[in-house]
Amino acid sequence: MDLKSKIILVSGPTASGKSNFSVKLAKKINGEIINADSMQVYKELKILSARPNPKDYQKIKHHLYGFHNVRNNFSTGDWLKFAIKKIKEVTKRKKTPIFVGGTGLYFKALTDGLVRIPNIPIRFRNKIRTLHKTLGQKRFYQKLIRLDPNSKEKINPTDAQRSIRAFEVKLFTKKSLHEWFENTKSYFDKDDFYKIYIDYPRVELIQRINKRTEQMIKIGAINEVKRFLKLKVKKDKSVNKAIGIHEIKEYLEKRKDISNVIEKISIKTRQYAKRQSTWARGNMMSWLKLTPQNLNNFLKKIK
């Protein structure tokens with residue numbers, strides 16, 4: 001198997017070992033790693049975002065990690081511009097670009113192009129979220145299908161995030177989300193990519209998440225959040241969604257003890273991993289699915 005002429009994409013749920021696998025892969029194919037995780041772009045969130053080990057940076061060249069300030073939002077469009085630039089730089093050096101991360105929208109923008117949907121006002125979006133909360137996913141989905149019949153074939157009935165997005169786009173733009181997608185083109189050809197998804201069994205993944213959360217606290221996540229809070233980042237900035245900030249803030253304010261904080265972070269991370277898996281089922285059907293047991297066998301087959 002020769003992957004050197006491809007753009008490699010490696011995804012999977014959080015804590016599935018993507019970084020470790022990608023370093024091994026990069027060594028075999030003379031590759032360089034490019035970040036595809038929306039929280040790992042922020043320089044102030046090294047621990048909470050589970051940025052790769054500094055030792056890995058010494059072994060393989062890494063790009064787009066910890067370079068953006070938390071005070072400024074960082075959109076999928078921003079990432080895509082950087083990503084295209086990095087692909088050109090890496091391939092010019094006759095190296096193989098390997099994108100690693102768990103942000104599905106980043107991968108979708110790279111492979112399918114970025115959808116140029118007009119900005120929807122936050123008040124309008126919040127109204128749709130309130131409606132979803134009031135109706136519940138089942139009734140909301142039925143309402144979506146009546147509003148936008150195209151969604152029936154495109155969106156899983158249990159996928160709340162995509163249901164909300166499709167609803168707000170159709171209602172605001174009068175045009176289906178799927179029509180917007182159909183009129184979007186990628187900078188690259190489909191054959192330029194080789195796509196790998198690490199499919200971790202749920203029970204094992206939960207154990208890994210719990211262990212990693214405890215490790216984050218041990219190596220300094222509390223001090224990282226202390227420093228973050230001193231920056232007084234505005235509430236509307238996307239970085240505030242990072243799992244662990246709110247929970248550790250409660251601990252610092254003496255509203256929760258540390259064991260409760262660890263439990264809450266673990267639960268939120270498990271929920272996030274479940275959302276990533278749901279996204280993958282709907283958007284990454286063509287990706288090569290590898291279980292942890294198959295990763296080494298895959299590496300052995302590579303020229």
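Below is a table of values for the structure above.
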quantity	calculated
Of every Cα-Cα pair in the chain, the percent that sits beyond 32 Å	30
DSSP-assigned coil residues among GluC sites (Glu not before Pro) in the stretch 249-303, each with at most 15 further Cβ atoms within 10 Å	E253
Inter-label distance for I222 and K94, nm, one decimal - labels placed 7 Å from Cα along Cα-to-Cβ	5.2
Estimated inter-spin distance, N30 and K190, nm [label 7 Å along Cα→Cβ]	3.0
The chain: relative contact order as a whole-number percent, Cα under 8 Å and 6+ apart	29
Relative contact order (%) - the stretch 203-275, alpha-carbon pairs under 8 angstrom, separation at least six	42
Loop-located trypsin sites (Lys or Arg not before Pro) in the stretch 152-255, at most 12 other Cβ atoms within 10 Å (DSSP)	K174, K185, K232, K234, K235, K254, R255
Amide N of the stretch 145-180 lying under 16 Å from the label point, which is placed 7 angstrom from the Cα of N240 along Cα→Cβ	none
Estimated inter-spin distance, M285 and Q207, nm [label 7 Å along Cα→Cβ]	3.3
Cα-based shape type of the stretch 38-137, given that a ≥ b ≥ c are square roots of the gyration tensor eigenvalues and the cut on a/c is 1.5	prolate
Prolate/oblate/rounded call for the stretch 157-217, Cα gyration tensor, a/c under 1.5 rounded	oblate
FRET efficiency, 1/(1 + (r/R0)^6) with R0 25 Å, evaluated for K268 and N73 via beta carbons	0.70
Spin-label zone in the stretch 161-194 - amide nitrogen under 19 Å from a point set 7 Å from the Cα of K127 along the C-beta vector	163-177
Check: the chain dipole with +1 on Lys, Arg Cβ and -1 on Asp, Glu Cβ, in debye	420
Spatial separation of Cα centroids for the stretch 157-186 and the stretch 248-293, in angstrom	25
Helical mean residue ellipticity (222 nm; -39500 (n - 2.57) per DSSP H run of 4+; nearest 500) of the chain	-16500 deg cm²/dmol
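We did not get these values from a lab; they are worked out from the coordinates using the rules stated. Nothing here was measured: the structure is a model prediction, and the numbers come from that model. Glycine also receives a Cβ, built like all others from the backbone with ideal geometry; neighbour counts cover every protein chain displayed.
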